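Visitor: Please see the structure below; I have some questions.
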Amino acid sequence: MASTSASSSSAIAPAATTHSFARYKANNIVEDGDLVVLYLSKENVILIRVDVNETFNCKFGSYRHADMIGLEYGTKLGSNTGRGFLYLLFPTPELWTLILPHRTQILYVADISFIMNFLNLKPGMSMIESGTGSGSFSHSIARTLAPTGHLYSFEYHQERVNAATKEFEDHGLSDMITLRRRDVCKDGFDLVDRVDAVFLDLPAPWEAVASAKRAFKKNKIGKICTFSPCIEQISKTVTALSEHKFVDIQMYECLIRFQEVRILPILTIEEAMEKERIHESKRQRALPRVLRDSYLKATAKANEDEELPPAKHMKIEKGQEEENSNKDNDDTNKKDQSLSGTPAEFEASGKTVTITKLPVEQRGHTSYLLFATLPPSVDSLPVVTLE
Amino acid sequence: MATNPSDTINAGEHVFIKMPSDNVKCIVLKPGSTVALGKFGSFKANDIIGHAWGNSYEIYDRDNKTRVYHLDEINEIEETENNNREIVDDASSQKLTLEDIKALKNEGLKGELTGQEIVNKLKESHATFDKKTAYSQAKYLQKKGKKFHKVFTPIKPTAYSVNEYFYIKNPDKIRGMRMDTLSQLLSYSNVHSGCKLLVVDDTQGLVVSALAERMGGNGTILGMYDGDSPNYDILKYMNFNDKIQETIKVLSWLRMYRGVDEKTPDELQDVTQLTGKDLEGYHRRSKAYKIVEESRKILHAGDFDGLVIASQYQPESILEKLLPFIRGSRPVVVYHTAKEALLDTSTWMRKCPELLAPQLTESWLRKSQVLPGRTHPEMSTWGGGGCLLTATKIIDFPVQAAMTKRERLAMEKKNAEAKKLKREREELANSSNDASREGSAAPVAIASSSTIVVETTSTDATDATTGETTTTTTTTTIVQEEDSKEPSSKRTKLE
């Protein structure tokens, strides 16, 4: 793990910059005050705000922020010691999901993506999200609704509100997100005829359905998604949605399987037996002389046509024997290597198979995604011909 | 009425019509026309044109009139004492004959009976309906409803609904890309308003459509295609306005670079000499040529914010060609129906110095029936939905962070030794005039990570994005040093 001795205190200091998670920088160059994701490895990814006077330290050396300034995003930066390096990446909502400080359970890319696609989010839409939680989903929504859309985010926990407010500001999203502290189940959203979509990640989403219905734009279709880990919550929500005249109620689960690609060496049985023979011949030489002699006598006949080294050794003098066996060992070593070499060597010789491997343990469930549609209010519809 | 044109059902647009059987039909809504829905009757297009999306309509009366209908599918069921002990599964329980039912159906089509009335008749003449369990009764009514209710729902074509329609109807057309996979492709590509994307789309335009929808008319998509013209059939279903349509540009692989013998229409023909059909032809060619020129300009300006590939061709071969046009720290997303087709690409990516952390993922999606007391995963579900291989483009030009004085001296010393070794080798090799080369000392900074630089010199030395000439000179120096190490070390062994 990287020790962020200097950067931890000043990791993300607000800066008067327009740098935002919601859009790329036009010049794609790291400048003083910019946000940069430092990618050291898959497990070690850190977001910093570049400050010309700061240094980022980790066990592979230190990196002065000043050295990052002027470099293009995506550059590989070596440490001062030359032992380590990291990549300067542009912050995206997907990267943020991997590195954000967890204040709650968060949504991951599988659910985030599916919900956004199902709700048909696109630039210019307005949407409600409740609760804000750790702000994982908020970042993705803001990026997708930008630049003209708006996200109304609600959270009843004061500390989470404070932390998220600061994050949205630091990440250049505050003009797109209105964050309010509010218990929506008790007090509602206090929005009328305002949004295109609603996302509820609440312990009791059914309590917020009535208020959500009022928040939808009246004259158009509205889409709602609720996110609940338990099926019992879903049942109650379905009943509430149905009572409030939501239609087309559907439930999904979505998971991502991360496949690990590996190159496995693969031997034919002949090659494996060859290897075995080499081992065997080595083992025979390691036997005490008495045993070996008797063993060899017993097997000599059987091996007559096979050219096995021990048969010769029996008659050679000690010194010679050693030299010879050394030489043999060299040979066998070479063979061993060719049979159990690195994947690259195997690849070169074509004795490999490329496989995918699923991790032994993987996510089996996140939450149930419940979707429903709110038809436009019938009143506002133009004439439906009745006699 | 809703104000935004995309919130209403408009004349001339593509519309999906969902029927009681859950089948979806795609139509173009012509004003004044009558849309036939087979056994579910027909309706007049004008009856839904101008209305907001989101309502269901019931066809009633003899003149195919429609009225807004509230779909009430979710019923609480009160359990009864009934069980299926005495239910015998045969045709005798329905007292109506096949002919009777056909007659009812006809009456329904003529508008003399509503779907509900037909279902009630069937129920009444069912001998054992009352003996069925409450759940079974509900299921029966739902099943019959799906056959006789004359209700339809216009569905707005969106990336999701178009994807779903084709995934069910003709998955091969879109290379088996399922909605969840597409959604992840959109996330990983970080597509948003104002970005510039390079796309190779052989899903007949599904990927381009979804990306364009997310950009909302701001930004550029450049689609590379092969053949006479790009096959982006799916675009037409999306009802995009001109602003969004204009964000989509295309370029043929064959026109990627200006051919040696390529001539502009002006060079081929003298426009002042042309008349009639020849002049028309000239203008047509001229226009086509301008489009090619414009797309080529967009491509060679580089600076793309992402590369998305969903192609039938080998992804590595495409990556090799297009990676140079992508900016640093930008996503590269490759889709393929089959995981196996991406394995070699994944290995290739891991070796590619310009790509960071390739990741192969497969999505899993399950839909459930949600009814009070009857919630369970659907009995039949989707099979494969395709695979994604994602990575981040990085700049393969390592920069060394500043060093302390001591470290710098150590590095310089090391460098001087390397130079000395090189000189010795050159003397040994007795090459005639290499002295001039040694003047350009490799900057200390880059020497340490020479191995990675080596691979790219061949492919990228010409690339404009790596820029300055100093870069190229240094890299060549390192390559030479690399070469020099081997022979000299061999020599020492021999000695």
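The values are calculated or read from the model by the stated rules, or taken from the named source; none is laboratory data. Worth saying up front: this structure is predicted, and the values here are computed from it rather than measured. Quick reminder, even Gly has a Cβ in these numbers, built from the backbone with ideal geometry, and neighbours come from all protein chains shown. Please note that ligands, DNA and RNA were not included when accessible areas were found on the heavy atoms of the full protein model with its side chains. Shrake-Rupley method; radii C 1.70, N 1.55, O 1.52, S 1.80 Å.
Visitor: Among (1) within 7 Å of chain B (Cβ to nearest Cβ); (2) more than 18 Å from residue A:370 (Cα to Cα); (3) buried (at least 16 other Cβ atoms within 10 Å of the Cβ), there is one condition residue A:242 misses while meeting the rest; what is its number?
Guide: (2) is the only condition that residue A:242 fails.
Visitor: Still on this structure: Scan segment B:345-383 residue by residue and report those that are open to solvent by 30 Å² or more (accessible area, probe 1.4 Å), facing another protein chain (nearest Cβ under 7 Å) and within 28 Å of residue B:170 (Cα to Cα).
Guide: Scanning segment B:345-383 gives B:362, B:364, B:366, B:367.
Visitor: Against the definition (closer than 28 Å to residue A:226 by Cα, facing chain B (nearest Cβ under 8 Å) and outside any loop (DSSP other than H, G, I, E, B)), how does residue A:143 come out, yes or no?
Guide: Against the criterion (closer than 28 Å to residue A:226 by Cα, facing chain B (nearest Cβ under 8 Å) and outside any loop (DSSP other than H, G, I, E, B)), residue A:143 qualifies.
Visitor: Looking at segment A:360-376, which of the residues that are more than 16 Å from the chain's Cα centre (by Cα) and among the β-branched types (Val, Ile, Thr) is farthest from residue A:119 (Cα to Cα)?
Guide: A:360
Visitor: Follow-up. Can you work out which of the residues in segment B:4-59 that are within 18 Å of residue B:161 (Cβ to Cβ) and assigned to a helix (DSSP H, G or I) is most open to solvent (accessible area, probe 1.4 Å)?
Guide: Here the answer is B:5.
Visitor: Where residues in segment B:293-308 are farther than 27 Å from residue A:21 by Cα and surrounded by fewer than 19 Cβ atoms within 10 Å (Cβ to Cβ), which of them is farthest from the chain's Cα centre (by Cα)? So that I can check it myself, show each step before the final result.
Guide: Of the residues in segment B:293-308, the ones farther than 27 Å from residue A:21 by Cα are B:293-297.
If we keep only those that are surrounded by fewer than 19 Cβ atoms within 10 Å (Cβ to Cβ) as well, we get B:293-294, B:296-297.
Values: B:293: 26, B:294: 24, B:296: 22, B:297: 24 Å.
The extreme case among them is B:293.
Visitor: Do you know which of the residues in segment B:315-339 that are among the polar types (S, T, N, Q) and part of a loop (DSSP other than H, G, I, E, B) is farthest from the other protein chains (Cβ to nearest Cβ)?
Guide: For segment B:315-339, the residue satisfying everything is B:337.
Visitor: Here's something else I'd like to know. Starting from residues that are of a type outside the set (Asp, Glu) and in contact with a helix residue (DSSP H, G or I) (Cβ under 6 Å, 6 or more places away or on another chain), keep the ones in segment A:146-165 and report whichever is farthest from the other protein chains (Cβ to nearest Cβ). Steps first, answer last, please.
Guide: Let us first name the residues in segment A:146-165 that are of a type outside the set (Asp, Glu), namely A:146-154, A:156-158, A:160-165.
This time we only want the ones that are in contact with a helix residue (DSSP H, G or I) (Cβ under 6 Å, 6 or more places away or on another chain), so: A:151, A:153-154.
Numbers: A:151: 14, A:153: 18, A:154: 23 Å.
Once the filter is applied, the top-ranked residue is A:154.
Visitor: If you don't mind, there's one more thing I want to ask. Within segment B:392-400, is even one residue among the hydroxyl-bearing types (Ser, Thr, Tyr), in contact with a strand residue (DSSP E or B) (Cβ under 6 Å, 6 or more places away or on another chain) and at the interface with chain A (Cβ under 8 Å from one of its Cβ atoms)? Before you say what the answer is, go through the steps one by one.
Guide: Initial filter on segment B:392-400 (among the hydroxyl-bearing types (Ser, Thr, Tyr)): B:392.
Retained after the next criterion (residues that are in contact with a strand residue (DSSP E or B) (Cβ under 6 Å, 6 or more places away or on another chain)): B:392.
Within this subset, residues satisfying the condition of being at the interface with chain A (Cβ under 8 Å from one of its Cβ atoms) are B:392.
There is at least one residue in segment B:392-400 that is among the hydroxyl-bearing types (Ser, Thr, Tyr), in contact with a strand residue (DSSP E or B) (Cβ under 6 Å, 6 or more places away or on another chain) and at the interface with chain A (Cβ under 8 Å from one of its Cβ atoms).
Visitor: Consider only pairs whose beta carbons are under 7 Å apart and that are at least six residues apart or on different chains; among these, list those whose first residue lies in segment B:17-32 and is free of Cβ contacts under 8 Å to residues at least 40 places away in the same chain and whose second residue is of a type in the set (D, E, K, R) and open to solvent by less than 70 Å² (accessible area, probe 1.4 Å).
Guide: B:29/B:13
Visitor: May I pose another question? Determine the pairs where a residue that is within 24 Å of residue A:251 (Cα to Cα), located within segment A:178-203, has a partner that is of a type in the set (A, V, I, L, M) and surrounded by fewer than 16 Cβ atoms within 10 Å (Cβ to Cβ) with Cβ atoms under 8 Å apart, the partner being 6 or more residues away or on another chain.
Guide: A:185/A:204
Visitor: Filter segment A:150-194 down to the residues that are over 27 Å from the mean Cα position of the chain (by Cα), small (Gly, Ala, Ser) and assigned to a helix (DSSP H, G or I) and list them by number.
Guide: If the condition is that a residue be over 27 Å from the mean Cα position of the chain (by Cα), small (Gly, Ala, Ser) and assigned to a helix (DSSP H, G or I), then no residue fits.
Visitor: Turning to a different aspect of this structure: Give me a count of the residues in segment B:105-141 that are closer than 25 Å to residue B:43 by Cα, in contact (Cβ under 8 Å) with a residue 40 or more places away in the chain and not acidic (Asp, Glu).
Guide: Result for segment B:105-141: 7.
Visitor: Assess whether residue A:67 counts as being at the interface with chain B (Cβ under 9 Å from one of its Cβ atoms) and acidic (Asp, Glu).
Guide: Yes; evaluated as a whole, the condition is true for this residue.
Visitor: When the residues of segment B:164-192 are filtered to those that are at the interface with chain A (Cβ under 8 Å from one of its Cβ atoms) and in contact with a Lys or Arg (Cβ under 9 Å, 6 or more places away or on another chain), which remaining residue is surrounded by the most Cβ atoms within 10 Å (Cβ to Cβ)?
Guide: It comes out as B:192.
Visitor: Just give me the residues in segment B:210-226 being outside any loop (DSSP other than H, G, I, E, B) and either under 11 Å from residue B:250 (Cβ atoms) or within 12 Å of chain A (Cβ to nearest Cβ) (or both), in sequence order. Let's see the steps before the verdict.
Guide: Restricting attention to segment B:210-226, the residues satisfying the condition of being outside any loop (DSSP other than H, G, I, E, B) are B:210-215, B:220-225.
The answer is B:210, B:211, B:212, B:213, B:214, B:215, B:221, B:222, B:223, B:224, B:225.
Visitor: Among the residues of segment A:106-133, how many are more than 7 Å from every other protein chain (Cβ to nearest Cβ), of a type in the set (S, T, N, Q) and buried (at least 23 other Cβ atoms within 10 Å of the Cβ)?
Guide: Counting residues in segment A:106-133 that are more than 7 Å from every other protein chain (Cβ to nearest Cβ), of a type in the set (S, T, N, Q) and buried (at least 23 other Cβ atoms within 10 Å of the Cβ) gives 2.
Visitor: Kindly indicate whether residue A:210 is assigned to a helix (DSSP H, G or I) and surrounded by fewer than 16 Cβ atoms within 10 Å (Cβ to Cβ).
Guide: Yes: the conditions hold for residue A:210.
Visitor: Another one. Out of the residues in segment A:227-239 that are open to solvent by less than 10 Å² (accessible area, probe 1.4 Å) and at the interface with chain B (Cβ under 7 Å from one of its Cβ atoms), which is farthest from residue B:155 (Cα to Cα)?
Guide: A:234
Visitor: Here's something else I'd like to know. Of the conditions (1) buried (at least 20 other Cβ atoms within 10 Å of the Cβ); (2) within 7 Å of another protein chain (Cβ to nearest Cβ); (3) farther than 30 Å from residue A:27 by Cβ; (4) at pLDDT 95 or above, residue B:342 clears all except one; give me its number.
Guide: (2)
Visitor: Please find, within segment A:29-46, the residue that is farthest from the other protein chains (Cβ to nearest Cβ) out of those that are within 13 Å of residue A:69 (Cα to Cα) and open to solvent by 20 Å² or more (accessible area, probe 1.4 Å).
Guide: Here the residue is A:32.
Visitor: Turning to a different aspect of this structure: Regarding segment A:139-161, can at least one residue be identified that is without any contact (Cβ under 8 Å) to a residue 24 or more places away in the chain and open to solvent by 20 Å² or more (accessible area, probe 1.4 Å)?
Guide: yes
Visitor: Next question. Is segment A:47-56 home to any residue that is at the interface with another protein chain (Cβ under 10 Å from one of its Cβ atoms) and crowded, with 23+ Cβ neighbours inside 10 Å?
Guide: As a first pass, look at segment A:47-56 and keep what is at the interface with another protein chain (Cβ under 10 Å from one of its Cβ atoms): A:55-56.
Narrowing the set further to residues that are crowded, with 23+ Cβ neighbours inside 10 Å leaves A:56.
Looking through segment A:47-56, at least one residue is at the interface with another protein chain (Cβ under 10 Å from one of its Cβ atoms) and crowded, with 23+ Cβ neighbours inside 10 Å.
Visitor: Name the one entry in A:52, A:45 that is more than 17 Å from the chain's Cα centre (by Cα) and not assigned by TED's automatic domain parsing to the domain that holds residue A:164.
Guide: Testing whether each residue is more than 17 Å from the chain's Cα centre (by Cα) and not assigned by TED's automatic domain parsing to the domain that holds residue A:164 leaves just A:52.
Visitor: A further question on this structure: Can you tell me how many residues within segment A:60-83 are open to solvent by 10 Å² or more (accessible area, probe 1.4 Å) and in contact (Cβ under 8 Å) with a residue 24 or more places away in the chain?
Guide: Total satisfying the criteria: 5.
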